[in-house]
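The values are calculated or read from the model by the stated rules, or taken from the named source; none is laboratory data. Just so it is clear, the structure is predicted and the values come from calculations on it, not from any experiment. Cβ placement follows ideal geometry from the backbone for every residue including glycine, while neighbour counts extend to all protein chains displayed.
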Amino acid sequence: MMECSAHIRAKPGWFDKMNDADIVARWTREAVAQGLTEAQVRYVLDELAHYAALRDERTGIEVSGVDGVWHSDALVEDELRSRLRAAVRVLEEVPEAELDWHPGSDGQVLDLVHPSLFCLVREASGAPERAWQNPTNHYSKYEFSERFQWLPTDVDVDAEGEVAFRSYVNNLHPETHRELASVLPELLARFRPLLENVLTDLRNPRPPRIDVDPYGWYDDEPQRPDRSDYEDDQAYNEACRLQERALDDWWENRRPVVPDAPAFSAPEPPERIDLRGRRLQVIVKLATIHLTPDKPEYAGGSWHVEGMLNERIVSTGIYYWDNENITESRLGFRAALDDPEYEQSDDNGVREVYGLENEDALNQMLGSVSTPEGRCLAFPNILQHRVSPFRLADPTRPGHRKILAFFLVDPARTIVSTSDVPPQQPWSDTSTMTLEQAKEYREQLMRERKFFVDEHNEQLYEREFSLCEH
């Protein structure tokens, strides 16, 4: 059902096509042909009507094909994108030796602005001690870094939604990158309603589409015979023996009788999160994936969330502002799962209802979202995401994919920012490290965060499901 819904929402103008009876009838036939029941199709179509009603006609903001993810293809006008392109050119057009290729990317990922470079370093940056107040316990201490933190920019959003940066963006020069520093607040202002939708969903999680009943989805087990129904003990004992055999067979071969999809019920309108009139903190990243005829394919990224507990990132907004000569690029999402409710030793039921086998990873693949040029995307940082592989469309020419990312710090928290730490770069009078030292700290940060990702997967996103007696 979720795949069917996502497939329809990937169609251009799907929200208008919902009003065309012939098109809806064709969608229904196609869905039934692929195995959905009529009740499931009705649920999907009714849910789509609800999603269509949530779409904002002015901004183009709509629910994506993945629960909790929002996007728009019309959020940034051409003039603003042109200003961004011109501003970024200053970062791109530098001597070859000054290009900052991301470590381990085989010369494919170019970091233009990256928070890991000249980050907050405990022994070097002179940050307030509150940056290192570790809230974790023995079991979760891997979530917090005792040495490193990305530095956010302090941001004011006025009552009309206009944005002003109140501190510098880490790794931007105040003169050389003045135009980029002026265009970033305008772009963040465009992202505000997208981020508000993500936070609203986080505050009001949607209930399960189907309530699972692990104890009631079975035919009744064979009942023990009633002695009063038999004339003598021999007949009764034989009936008991047959019932025990039938009960063993029932336990061994029973299958859940999964009910059909319920009727869709639209949730009550939630209390919306409003970021206007608030002080926020955001971390900025600009990066480009470059492909060449010699290196024509990007192998894809790893599953991860952004940052560690230090950064308190609740949502990410990404602007795919320039794609050139590449095949479709997608961003995949998965969610961690709690142990499902099931009856003791019910291997078949767990397999058929949840799709889980013993020792499977407790996560759910939520699907992926296409990331064409011009798309703005926002998603919660409780979902892991991964860039899917893509390659050159024409293998004889180079190509690229350029992104701008805003990592939103939890608005209910305030972490050490560029208001607290003066610029650390060598061009500043307040410099705390050389470029070579900053790159070495970045390597150490990356090693620490790789350990965090591995441990996070083991403890949460790839936790092993143990089908045992309980």
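Would you confirm, using the coordinates I've provided, whether ILE403 is modelled with pLDDT of 95 or more and part of a strand (DSSP E or B)?
Yes: the conditions hold for ILE403.
Looking at THR59, is it more than 30 Å from SER116 (Cα to Cα), without any contact (Cβ under 8 Å) to a residue 40 or more places away in the chain and hydroxyl-bearing (Ser, Thr, Tyr)? No; evaluated as a whole, the condition is false for this residue. Looking at ALA86, is it in contact (Cβ under 8 Å) with a residue 40 or more places away in the chain and assigned to a loop (DSSP other than H, G, I, E, B)? Answer is no for this residue. Selection of the stretch 372-397 for residues being in contact with an Asp or Glu (Cβ under 8 Å, 6 or more places away or on another chain), under 20 Å from ALA299 (Cα atoms) and assigned to a loop (DSSP other than H, G, I, E, B) yields PRO372, GLU373, PRO389.
Checked against the criterion of being assigned to a loop (DSSP other than H, G, I, E, B), without any contact (Cβ under 8 Å) to a residue 40 or more places away in the chain and under 30 Å from the mean Cα position of the chain (by Cα), the candidates PRO222, PRO135, PRO208 yield just one match: PRO208. So, in the stretch 226-252, of the ones that are part of a helix (DSSP H, G or I) and among the acidic types (Asp, Glu), which residue ends up modelled with the lowest pLDDT? Residue satisfying both the conditions and the ranking: GLU252. GLY68 passes every criterion in (1) surrounded by fewer than 15 Cβ atoms within 10 Å (Cβ to Cβ); (2) touching a helix residue (DSSP H, G or I) at 6+ places or on another chain (Cβ under 9 Å) apart from (1).
Condition check ((1) of a type in the set (D, E, K, R); (2) buried (at least 17 other Cβ atoms within 10 Å of the Cβ); (3) part of a loop (DSSP other than H, G, I, E, B)) across all residues:
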| site | (1), (2), (3) |
| --- | --- |
| PRO293 | no, no, yes |
| SER302 | no, no, yes |
| TRP321 | no, yes, no |
| ARG334 | yes, yes, no |
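Among helices (runs of 4 or more DSSP H) entirely within the stretch 12-63, having at least 1 residues that are touching a Lys or Arg at 6+ places or on another chain (Cβ under 6 Å) singles out 14-17, 21-33. Counting residues in the stretch 454-462 that are within 23 Å of the chain's Cα centre (by Cα) and assigned to a loop (DSSP other than H, G, I, E, B) gives one or more.
All of ARG255, ARG279, ARG272 fail the test of being modelled with pLDDT of 85 or more and part of a loop (DSSP other than H, G, I, E, B), apart from ARG272. In the stretch 439-466, the residue that is surrounded by the most Cβ atoms within 10 Å (Cβ to Cβ) out of those that are in contact with an Asp or Glu (Cβ under 8 Å, 6 or more places away or on another chain) and not acidic (Asp, Glu) is HIS456.
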